[in-house]
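Let me begin by presenting the structure, written as structure tokens, before commenting on it.
The values are calculated or read from the model by the stated rules, or taken from the named source; none is laboratory data. The structure presented is a predicted model; accordingly, all values stated were derived computationally and were not measured. As a convention, Cβ positions derive from the backbone with ideal geometry for all residues, glycine included, and neighbour counts pool all protein chains shown.
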Amino acid sequence: MTEVKTIELRDLWRRYTEDGDRAARDRLVLAYSPMVKYVAGKVASGLPQHLDQADLISYGLLGLGAAVERFDPSRETKFESFALQRIRGSIFDELRSQDWVPRSVRAKAKAIERVTRELEAEFHRAPTDDEVAEALDTSVEAFREDLSKIANSQMIALDEPWTLHDSSGDQVSLIETLEDPLAQDPSGALDDSERRDRVAEAVALLPEREKLVVALYYYENLTLREIGEVLSVTESRISQLHTKAMIGLRGVLTEA
């Protein structure tokens with residue numbers, strides 16, 4: 001956040017929410033704008049080089065503006081947490097609208113998701129790389145290369161809206177429903193106990209290393225490179241683990 005004192009922020013929120021002061025709204029966007037650069041940089045690290053980070057920042061600013069307009073300061077929610085999801089969502093929405101992901105990558109992602117879901121149902125646990133590769137009639141090396149391609153497309157992420165298997169058919173960002181494994185009171189992360197139980201069951205199927213990658217990336221905000229240093233593996237391998245975890249979760253929790 002830019003150098004704006006807490007007391008000034010409170011005044012800006014009051015002026016905007018109570019008086020509809022557009023100048024206060026614009027000042028709030030400016031004050032929180034460093035969040036957009038941070039999120040855009042994190043997203044850009046996994047995208048092809050021809051996608052300009054400046055474009056991602058412009059997409060994210062739209063999300064930040066929407067977050068300021070929708071945020072209710074009277075609620076027990078930190079604006080930063082509220083805004084991060086909308087900034088990320090705005091960036092992903094624009095990327096999806098451009099539909100730049102190659103069809104071959106989409107096809108491989110769907111095949112891996114289908115096989116992973118079938119093996120999870122058979123084994124009642126997350127399948128290993130060897131098991132998925134065998135079911136796909138490919139080598140482990142080729143399977144991991146496909147995971148890297150999917151990761152580079154940013155197709156699989158907790159930030160994206162997924163349609164859950166329940167009567168509502170709601171589209172939600174999984175990170176909005178996933179319990180924080182590092183939180184002191186994770187039971188407060190969800191209002192819907194049924195959805196919480198289903199997400200918890202899906203996460204429980206993940207191997208320990210994949211659970212840790214999810215926790216460090218989404219809740220501790222470590223980069224893939226930093227997680228690699230923590231786990232003493234390459235950034236590329238962490239990217240593969242993250243993608244495999246997302247495919248496993250989506251296969252269990254979303255519509256085919």
Does A133 qualify as being surrounded by 14 or more Cβ atoms within 10 Å (Cβ to Cβ) and without any contact (Cβ under 8 Å) to a residue 12 or more places away in the chain? yes
In this structure, does D146 turn out to be modelled with pLDDT under 50 and among the acidic types (D, E)? no
Would you mind stating whether V115 is touching a helix residue (DSSP H, G or I) at 6+ places or on another chain (Cβ under 9 Å), surrounded by 12 or more Cβ atoms within 10 Å (Cβ to Cβ), assigned to a helix (DSSP H, G or I) and modelled with pLDDT of 90 or more? yes
Can you work out which of the residues in the range 24-41 that are part of a helix (DSSP H, G or I) and small (G, A, S) is surrounded by the most Cβ atoms within 10 Å (Cβ to Cβ)? A40
Could you check, for the range 102-111, whether at least one of its residues is within 24 Å of the chain's Cα centre (by Cα) and not in a helix (DSSP H, G or I)? yes
Could you list, in sequence order, the residues of the range 71-95 that are assigned to a helix (DSSP H, G or I) and without any contact (Cβ under 8 Å) to a residue 24 or more places away in the chain? S81, F82, R86
Might you check whether a residue that is of a type in the set (A, V, I, L, M, F, W, C) and buried (at least 16 other Cβ atoms within 10 Å of the Cβ) occurs anywhere in the range 68-75? yes
Take G63 and decide whether it is outside the structural domain of L205 (by TED's automatic domain parsing) and modelled with pLDDT under 90. no
So which of L206, L222, L212 is in a helix (DSSP H, G or I) and in the same structural domain as E141 (by TED's automatic domain parsing)? L212
For the list (1) modelled with pLDDT under 90; (2) assigned to a helix (DSSP H, G or I), I need the number of the one condition that S58 fails. (1)
Please determine whether any residue of the range 87-102 is surrounded by fewer than 19 Cβ atoms within 10 Å (Cβ to Cβ), in contact with an Asp or Glu (Cβ under 7 Å, 6 or more places away or on another chain) and not β-branched (V, I, T). no
